1. Test of understanding: among E118, E97, E93, E106, which residue is surrounded by 13 or more Cβ atoms within 10 Å (Cβ to Cβ), assigned to a loop (DSSP other than H, G, I, E, B) and at pLDDT 90 or above?
2. Going residue by residue through the stretch 76-92, is there one that turns out to be touching a residue at least 60 places away in the same chain (Cβ under 8 Å) and away from the ligand (no atom under 16 Å from the Cβ)?
3. Counting just the residues of the stretch 133-143 that are more than 16 Å from the chain's Cα centre (by Cα) and among the aliphatic types (A, V, I, L, M), which one comes out farthest from the ligand (Cβ to nearest atom)?
4. Kindly provide the set of residues from the stretch 121-161 that are outside any strand (DSSP E or B) and of a type in the set (A, V, I, L, M), ordered by number.
5. Is there a residue being of a type in the set (V, I, T), under 21 Å from P130 (Cα atoms) and touching a Lys or Arg at 6+ places or on another chain (Cβ under 9 Å) anywhere in the stretch 87-109?
6. If you go through the stretch 97-110 one residue at a time, do you hit one that is within 16 Å of the ligand (Cβ to nearest atom) and under 13 Å from the mean Cα position of the chain (by Cα)?
7. Taking the stretch 15-52 only, how many residues are at pLDDT 85 or above and either at positive phi or not in a helix (DSSP H, G or I) (or both)?
8. Only residues in the stretch 93-122 that are among the polar types (S, T, N, Q) count as the first member; pair them with residues that are at pLDDT 95 or above and within 16 Å of the ligand (Cβ to nearest atom), Cβ under 7 angstrom, at least 6 apart or cross-chain, and list the lot.
Amino acid sequence: MKEGNDYHQELSGLLAKWKDKPGNLIMILHEIQNHYGFVPRQLSLQLSALLDVPLARIYEVLTFYNYFKLEAPGKHKISVCMGTACYLNGAPEILRELKSILGVEEGHTTKNGLFQLEVVRCLGCCGLAPVIMIDGKVYDKVKKNDIIDIISKFTRSKEPE
Ligand code: FES
């Protein structure tokens, strides 16, 4: 991740590209999101000064669109399905257990940056409900007591099976 002047240089480049174009704020934010996977607060502060746009306006845009993230993505992305089949088969309990073990709310990343917890609507394998997905791999018919084992595979080794 870049710091201080590097941020500034990058923003200057983006400004030169988008400066006179309509909708430039959102286009610049898109480029930042694409590049970093989130929009760092430091960049928002600098963008506010460079574009002469209030920081509150930038955060209004960032929080309006789900696409923009305010935190760095976790190394491992955990998606908990809350679609109807999963919900009826225990997904809320699975989510509670994950929150409790990871110490993080949905939509956020753990302090150590290892896990990002998300809730999704139907992963397309309802017959296997409840399901969670970690880094693209589906774990089916998950039970509350399975969670700690699943998670520990990612904390113990670099390459979970
Ligand atoms: S509802 Fe969970 S996979 Fe469809």
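1. Within the list E118, E97, E93, E106, the selection yields E106.
2. For the stretch 76-92, residues touching a residue at least 60 places away in the same chain (Cβ under 8 Å) and away from the ligand (no atom under 16 Å from the Cβ): present.
3. Among residues in the stretch 133-143 that are more than 16 Å from the chain's Cα centre (by Cα) and among the aliphatic types (A, V, I, L, M), the one farthest from the ligand (Cβ to nearest atom) is V142.
4. L123, L128, A129, V131, V142, I147, I148, I150, I151 - these are the residues of the stretch 121-161 that are outside any strand (DSSP E or B) and of a type in the set (A, V, I, L, M).
5. yes
6. Checked the stretch 97-110: at least one residue is within 16 Å of the ligand (Cβ to nearest atom) and under 13 Å from the mean Cα position of the chain (by Cα).
7. 5
8. Q116/I78
The values are calculated or read from the model by the stated rules, or taken from the named source; none is laboratory data. Note that the structure is predicted; figures quoted are calculated from it, not measured. Please note: Cβ atoms are built from the backbone with ideal geometry, for glycine as well, and neighbour counts cover all protein chains shown.
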